[in-house]
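Just below is one structure, and these are the notes that go with it.
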Amino acid sequence: MRKQILIVGAGFAGMWAALSAARLADKHQQAVDITVIAPQPELRVRPRFYESHVQTLVSPLMPLFDVTGVKFLRGTVEQILPASKEVSWKDENGEVRLRRYDRLVLASGSHVNRDIVAGAAEHAFDLDQLESATVLEQHLKDLAGQPESDARNTVVVCGGGFTGIEMALELPGRLREILGEDAKTRVVVVERGAQPGGRWSKELRDVIIEASAELGVEWLVNAEVESVDASGVTLKDGQVIASQTVIWTVGVQANGLTAQIDAPRDRQGRLHVNANLQVEGHEDIYATGDVAYAATDDKGNHALMTCQHAILLGKFAGNNVAASLLNVAPLPYRQEMYVTCLDLGAWGAVYSEGWDQQVKLTREEAKKLKVSIVSELIYPPKADRAVAFEVADPYAPFV
């Protein structure tokens with residue numbers, strides 16, 4: 001019977017895991033069934049969901065899977081059964097099925113948890129998934145039809161991480177397009193830290209502060225949200241901000257499937273993995289992307305929940321899961337180079353290198369690089385078997 005590799009998820013990590021596993025099986029001329037289970041056969045380019053025209057930010061995967069021999073099942077995995085080496089999944093018709101595996105790659109991604117604050121699930125928007133980002137985009141467009149008011153013209157972004165920053169600095173220009181150049185709009189970032197970008201280097205922080213000031217984006221620091229309702233946000237210090245648009249960007253957690261595996265997890269629910277990306281205590285289960293707590297180097301750094309890390313994690317996971325079935329030596333995951341390229345709206349962008357965020361490019365130079373990364377570099381390869389296998393090599397150049 002042919003060996004079965006089952007990959008849960010078709011995001012950056014899942015897609016690259018499938019291609020990398022197929023590449024190694026092809027290289028060694030071994031027949032291995034590689035199957036991806038996901039709700040849809042498309043890569044949703046999540047890092048761009050702060051942009052407009054969000055429904056166009058997808059890339060079909062079936063042409064790529066077809067030429068590389070990867071099988072696809074449309075559905076959602078609901079239960080992992082390590083004892084029997086099976087998963088329970090629901091197909092597109094709602095029928096529950098079982099699928100056997102010899103090796104499992106969990107690449108089911110992450111989600112924003114809006115339940116941590118009262119009213120956020122009911123009244124806040126997010127950029128977490130294509131569907132919710134589409135709802136937000138339509139809501140912003142619909143503001144033009146609402147009566148003029150401070151609440152209509154005010155957007156509150158909860159959280160000053162990279163997602164919150166990119167969304168907030170995009171908004172002044174977007175709101176002018178929607179409400180008119182003369183509209184008195186307000187964009188407020190609520191950040192619990194002591195200063196904007198306080199968790200990063202002074203160099204990077206100073207750029208974020210400069211860009212925010214130039215675009216008129218306000219920061220409320222040392223601030224936390226107490227509750228959200230239809231009229232706006234109430235902070236823990238009692239301050240109320242009237243707003244029809246509250247955007248939630250904090251509380252990112254690994255997909256809940258990680259809790260079904262009896263293994264150590266970090267505070268975000270990510271499974272601890274070894275250098276080969278095997279889940280601790282489960283040599284037949286690999287975790288990758290946003291569900292993996294993986295060391296990137298020997299200096300204490302760990303992969304972040306970013307596509308930059310998910311892409312390479314996926315390539316290593318796919319290679320190693322196939323290697324374990326082909327009696328080939330695995331490739332220990334390493335990603336010592338870390339970069340950031342942060343979109344800062346009409347101001348431009350900022351590009352930094354290293355875990356200490358040394359700023360290398362700003363404004364238009366960085367913006368050109370950002371556009372190149374998000375519109376070309378992170379997209380799937382073309383549906384050409386040789387090209388796909390070449391770039392699926394974990395040692396192929398990336399960033």
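If you keep only loop residues by DSSP, which GluC sites (Glu not before Pro) in the stretch 68-130 have at most 16 other Cβ atoms within 10 Å of their Cβ? Provide the component values of the computation, followed by the final result.
Values: sites: GLU78, GLU86, GLU92, GLU95, GLU122; in loops: GLU92, GLU95.
For GluC sites (Glu not before Pro) across the stretch 68-130 that sit outside H, G, I, E and B with at most 16 neighbouring Cβ atoms in 10 Å, the list reads GLU92, GLU95.
Between the stretch 349-370 and the stretch 55-116, what's the alpha-carbon centroid distance in Å?
Between the Cα centre of the stretch 349-370 and that of the stretch 55-116, the gap is 35 Å.
To the nearest 10 square angstrom, what accessible area does VAL58 show with a 1.4 Å probe?
Accessible area, nearest 10 Å²: 40 Å².
Over the chain, what percent of the accessible surface lies on carbon and sulfur atoms, probe 1.4 Å? It would help to have the intermediate numbers written out before the result.
Working: 8160 of 17260 Å².
Here carbon and sulfur together make up 47 percent of the probe-accessible area.
Using a 1.4 angstrom probe and counting only protein chains, how large is the accessible area of ARG176 in Å², to 10?
Estimated to the nearest 10 Å², ARG176 gives 80 Å².
Leaving ligands, DNA and RNA out of it, rank MET62, MET1, MET167, MET337 by accessible area with a 1.4 Å probe, largest first. Show your work: numbers first, answer last.
Numbers: MET62 60, MET1 195, MET167 0, MET337 85 Å².
My answer, sorted largest first, is MET1, MET337, MET62, MET167.
Please find the FRET efficiency linking ARG334 to GLN30, where r is the Cβ-Cβ separation and R0 is fixed at 22 Å, and quote it to the nearest 0.05.
Details: r = 26 Å, r/R0 = 1.16.
With R0 = 22 Å, the Cβ-Cβ based efficiency is 0.30.
Among the lysines in the stretch 1-154, how many pairs, 8 or more places apart or on different chains, have alpha carbons under 24 Å apart? Before the final figure, lay out each step's value.
Working: LYS3/LYS27; LYS3/LYS71; LYS3/LYS85; LYS3/LYS90; LYS27/LYS71; LYS71/LYS85; LYS71/LYS90.
Summing the qualifying lysine pairs gives 7.
State the Cα centre-to-centre distance between the stretch 312-332 and the stretch 238-252 in whole Å.
43
Where only protein heavy atoms count, and the probe is 1.4 Å, what is the accessible area per residue for the chain in Å²? It would help to have the intermediate numbers written out before the result.
Values: 17260 Å² over 399 residues.
On a per-residue basis, the chain sits at 43 Å².
Between ASN222 and GLU122, take the C-beta separation as r, use R0 = 22 Å, and let me know the FRET efficiency to the nearest 0.05. List each step's numbers first, then the result.
Details: r = 26 Å, r/R0 = 1.20.
The formula returns an efficiency of 0.25 here.
Once the cut-off is 41 Å, how many percent of the Cα-Cα pairs in the chain end up in the long-distance tail?
Within the chain, distances greater than 41 Å cover 16 percent of Cα pairs.
Report for the chain the percent antiparallel among DSSP-assigned beta bridges with both residues inside it, nearest 5.
Details: 38 of 73 bridges.
The antiparallel fraction comes to roughly 50 percent.
Grab the beta carbon distance between GLN358 and LEU73, set R0 = 56 Å, and tell me the FRET efficiency rounded to 0.05. All intermediate terms of the calculation are to be shown ahead of the outcome.
Numbers: r = 44 Å, r/R0 = 0.79.
The value I calculate is 0.80.
So if each residue of separation counts as 0.36 nm, and I subtract the Cα-Cα distance between ALA396 and GLU376, what length gain in nm does that give? Don't skip to the answer; put the middle values down first.
Numbers: separation 20, 0.36 × 20 = 7.20 nm, distance 1.60 nm.
Gain in length upon complete extension: 5.6 nm.
Given Cα pairs under 8 Å that are at least 6 residues apart, what percent is the relative contact order of the chain?
On the way: 892 pairs, mean separation 80.2, N = 399.
Relative contact order comes out at 20 percent.
Under 18 Å Cα-Cα from LYS360, which lysines qualify once same-chain neighbours fewer than 8 residues away are excluded?
The qualifying lysines are LYS202, LYS368, LYS370.
Sticking with the crude label model, points 7 Å out along Cα→Cβ, report the distance from GLN268 to ASP142 in nm, one decimal please.
It is 3.2 nm.
What are the GluC sites (Glu not before Pro) within the stretch 255-346 that DSSP puts in a loop, where the Cβ has at most 15 other Cβ atoms within 10 Å? Display every interim value, and only then the final one.
Details: sites: GLU280, GLU283, GLU336; in loops: GLU280, GLU336.
In loop regions of the stretch 255-346 (DSSP not H, G, I, E or B), the sparsely surrounded GluC sites (Glu not before Pro) are GLU336.
Would you please state which residues of the stretch 170-198 a label at GLN239 would reach in this model, taking the label point 7 Å out along Cα→Cβ and a backbone N cut-off of under 13 Å?
Residues passing the 13 Å test: 187-196.
The values are calculated or read from the model by the stated rules, or taken from the named source; none is laboratory data. Quick caveat, the model's predicted, so the values are computed rather than measured. With ideal geometry, Cβ positions are generated from the backbone for all residues, glycine too; neighbour counts draw on all protein chains shown. Areas reflect the complete protein model, heavy atoms only, side chains present, ligands, DNA and RNA absent. Shrake-Rupley method; radii C 1.70, N 1.55, O 1.52, S 1.80 Å.
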